[in-house]
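A short worksheet on the structure shown next.
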Amino acid sequence: MLKPWEPIESSYLHQESWFKLRADRLRKGNGQEMNPYYVLEYSDWVNVFPLTTDNKVVLVRQYRYALQTFSIEVPGGIMDSHENHPEEAAKRELLEETGFTCGHIEKVAVVATNPATQNNRLHCFLATDCQLTHPTDHDENEEIEVLLASLDELLDLIKTNQIVQSLHLSTMLYALMKLDRIVLK
């Protein structure tokens, strides 16, 4: 019978405004001690699958330095410390990264980002009736290109492995299921 692991002690090795690196000493379910076990602490994240009034998906393309590649994604990011509701953060990220606002937004899933080493979750949203209403408002480290794609074009990008960010693919999967474009049996 599996048992949960229990923390014995923790210490922070590094702290930034958007993440912390923690080293824990713990007791595994089988009674053995493990030291250190590293945990990355992040605030929760949000991703938005935005669909315009004419059924185009609003995507973003940006350079991802760690992987040394350009990545096609949905708008999203970290929940700011003052945001108590993921929906607020989702609307903000959509507006900042793309200039689009939505007529309707709903949560379609909550997934773990990497439960082996990270403590946060990703809140996935489907936003419909989206319209371009504002200029973009990127933060100092964002260089983003906004793309529009039909649902068929998006599915082709996924099928041809042109979208590689797994958390964004998760958001796309749940949104496409909600839209009945992907049916799991």
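The values are calculated or read from the model by the stated rules, or taken from the named source; none is laboratory data. In this text, all values refer to a predicted model and were calculated from it rather than measured experimentally. Neighbour counts run over all protein chains shown; Cβ positions are idealised from the backbone, glycine included.
Structural remarks
- When restricted to residues that are surrounded by 15 or more Cβ atoms within 10 Å (Cβ to Cβ) and not aliphatic (A, V, I, L, M), segment 20-40 contains 5.
- Test: residue in segment 113-132 that is among the basic types (K, R) and touching a residue at least 60 places away in the same chain (Cβ under 8 Å): yes
- Count - residues of segment 63-99 that are crowded, with 16+ Cβ neighbours inside 10 Å and outside any loop (DSSP other than H, G, I, E, B): 17
- Of the listed requirements (1) part of a helix (DSSP H, G or I); (2) under 20 Å from R64 (Cβ atoms); (3) not acidic (D, E), L122 misses just one: (1).
- Looking only at residues in segment 106-119 that are out of contact with any helix residue (DSSP H, G or I) (no Cβ under 9 Å at 6 or more places or on another chain) and not in a loop (DSSP other than H, G, I, E, B), the one that is surrounded by the fewest Cβ atoms within 10 Å (Cβ to Cβ) is A112.
- Checking D129, D139 one by one, the residue that is farther than 30 Å from R22 by Cα, acidic (D, E) and either modelled with pLDDT of 95 or more or in a loop (DSSP other than H, G, I, E, B) (or both) is D129 and no other.
- Tallying residues that are within 24 Å of D180 (Cβ to Cβ) and touching a helix residue (DSSP H, G or I) at 6+ places or on another chain (Cβ under 8 Å) within segment 84-105 yields 3.
- Number of the condition not met by P50 [criteria: (1) free of Cβ contacts under 8 Å to residues at least 60 places away in the same chain; (2) in a strand (DSSP E or B)]: (1)
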